[in-house]
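Working notes for the structure below.
We did not get these values from a lab; they are worked out from the coordinates using the rules stated. Predicted model only: the values in this text are computed from it and were never measured. All Cβ positions, glycine included, derive from the backbone under ideal geometry; neighbour counts span all protein chains shown.
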Amino acid sequence: MERGKGLKFVGDSRVKAPEYRKKKNIPKDYSEYPGKTEAFWPNFLLKEWMVGAVFLMGYLLLTIGHPAPLERMADPTDSGYIPLPDWYFLFLYQLLKYQYASGDFNVIGTVVIPGLAFGALLLAPFLDTGKERRPLKRPVATSMMLLALIATIYLTWESVAQHDWEAAAEQGEIVEVDIDTEAQGYEIYQNQQSCIGCHGNQLEGGAGGPNLIDSEKSVEEIKDIIINGQGAMPGGMFEGTDEELQILAEFIENNGHAPEE
């Protein structure tokens, strides 16, 4: 008879299973794997979550203690405005100031250099395939990380040091608008959707038109602009009588206040 043929195996509940079969599938401690990586779940992932939670709480406390600074509404006619990105983009902002990363070489600063940096980050696992975890034993990954860290810190520092913070504070300062909302001119202004849509509810200006509070034009000049238009502003948009046009022009000429009798 061939081996195993005709034989039947009957289990006996009185026979205890070996101890190793009773143990759950628990990953071994990292110390038992010298030179190798630890189990992703739950060991490594739990550490990542804990570190992420600490940083998240830190950022939440910073946002509560130091709210984001707000500036006045953007004015497209202000060609002298100097924009400044958020702190985590300052190194890229500084990079675009250099000769071979701006102007005719703008593609190098906006596409080539960032592309090489992120490409190296994507290729890092393929360039460094060793199982060693100590930085000194991983020269490729360590060198790439140190280079990126030094470049980011240096460019961020230079961006902060070279920026004119006083001028930035002045250009972005929110100016409290004080206009006479009871004036007849303001009522006429509110009824003109073409006016309020571009110059704002408080004559403060907006994405479509400049600030009217600081207008230094005369009544006749204002009337001419309203009737004939100027620049991107088309003419023939005013809906009202000549008397209402006069009142509106005087209201704007007086910087948002009713003209004195």
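Observations
- C-alpha center-to-center spacing [the range 54-73, the range 111-152] in angstrom: 31
- With 0.36 nm allotted per residue and the present C-alpha distance subtracted, the residue 242-residue 191 stretch has 16.9 nm of extension available.
- Applying a DSSP loop filter and a limit of 14 other Cβ atoms within 10 Å to the trypsin sites (Lys or Arg not before Pro) in the range 88-178 leaves 97, 131, 133.
- Gain upon complete extension [residue 128, residue 150; 0.36 nm per residue less C-alpha separation]: 5.9 nm
- Under 16 Å from a label point set 7 Å out along the Cα-to-Cβ vector of residue 66, the amide N atoms of the range 80-102 belong to 85-91.
- Additional length obtainable on full extension of the chain from residue 184 to residue 39, 0.36 nm per residue less Cα span: 44.7 nm
- Note on residue 96 and residue 136: with the Förster distance fixed at 30 Å, the Cβ-Cβ geometry gives a FRET efficiency of about 0.30.
- Cα pair count fraction exceeding 12 Å, expressed as % - the range 102-143: 64
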